[in-house]
Amino acid sequence: MPVRKILIVDDSATNRHFLSEMLARHGYRCTTAQSGQEAIDKAKAEQPDLVLMDVVMPDMDGYQATRAITRDEATKNIPVILCTSKSQATDQLWGLRQGAKAYVVKPVNEKELLAKITALG
């Protein structure tokens with residue numbers, strides 16, 4: 001199924017806006033969440049085609065939210081791409097073990113992100 005609707009999760013309003021604008025230019029419909037819990041709730045309610053998830057957030061980090069989304073019957077088929085400043089190989093491996101399908105390091109390279117989104121569609 002091609003990716004059309006993307007849930008962007010980041011506690012930074014600037015990052016949410018940047019990613020929303022970038023993806024909208026390429027025809028994606030974007031919705032946003034500013035916390036891990038809000039991401040879980042919106043993933044269940046809105047059933048996006050993809051979740052683009054920050055890792056470092058207060059209360060519930062992106063790893064925890066990814067694990068919750070990918071293990072819940074209602075949302076387990078929604079792919080998650082982690083999008084974070086955590087660039088160590090161990091961070092990436094941990095993210096993939098939580099259920100993420102891909103990992104993108106900030107600052108986001110537009111071509112790299114679009115290629116990973118296309119590969120999931």
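The values are calculated or read from the model by the stated rules, or taken from the named source; none is laboratory data. These figures come from a predicted structure and were not determined experimentally. Don't worry about glycine lacking a Cβ; one is built from the backbone with ideal geometry, like all the others, and counts go over all protein chains shown. Accessible surface is based on the protein model in full, side chains and every heavy atom, while ligands, DNA and RNA are left aside. Shrake-Rupley method; radii C 1.70, N 1.55, O 1.52, S 1.80 Å.
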Within segment 55-96, residues outside any loop (DSSP other than H, G, I, E, B) and open to solvent by 50 Å² or more (accessible area, probe 1.4 Å) come out as 64, 67, 71, 89, 90, 92, 93, 94, 96
Only one of 52, 19 that is within 11 Å of residue 9 (Cα to Cα), part of a strand (DSSP E or B), open to solvent by less than 80 Å² (accessible area, probe 1.4 Å) and touching a Leu at 6+ places or on another chain (Cβ under 8 Å): 52
For segment 97-121 the number of residues that are free of Cβ contacts under 8 Å to residues at least 40 places away in the same chain and acidic (Asp, Glu) is 1
Does at least one position in segment 63-80 carry a residue that is closer than 19 Å to residue 17 by Cβ and modelled with pLDDT of 95 or more? no
Within segment 1-16, the residues that are surrounded by fewer than 18 Cβ atoms within 10 Å (Cβ to Cβ) and basic (Lys, Arg) are 4, 5
Do you know which residues across segment 26-39 are under 10 Å from residue 9 (Cα atoms) and either among the aliphatic types (A, V, I, L, M) or in a loop (DSSP other than H, G, I, E, B) (or both)? 33, 34, 35, 39
Qualifying position, being of a type in the set (D, E, K, R) and open to solvent by less than 50 Å² (accessible area, probe 1.4 Å), among 116, 101, 106: 106
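Could you check segment 22-38 and list, in sequence order, the residues that are under 18 Å from residue 85 (Cβ atoms) and either in contact with a Pro (Cβ under 6 Å, 6 or more places away or on another chain) or open to solvent by less than 60 Å² (accessible area, probe 1.4 Å) (or both)?
Start the filter on segment 22-38 by keeping residues that are under 18 Å from residue 85 (Cβ atoms), which leaves 22, 34-36.
Residues satisfying the conditions are 22, 35, 36.
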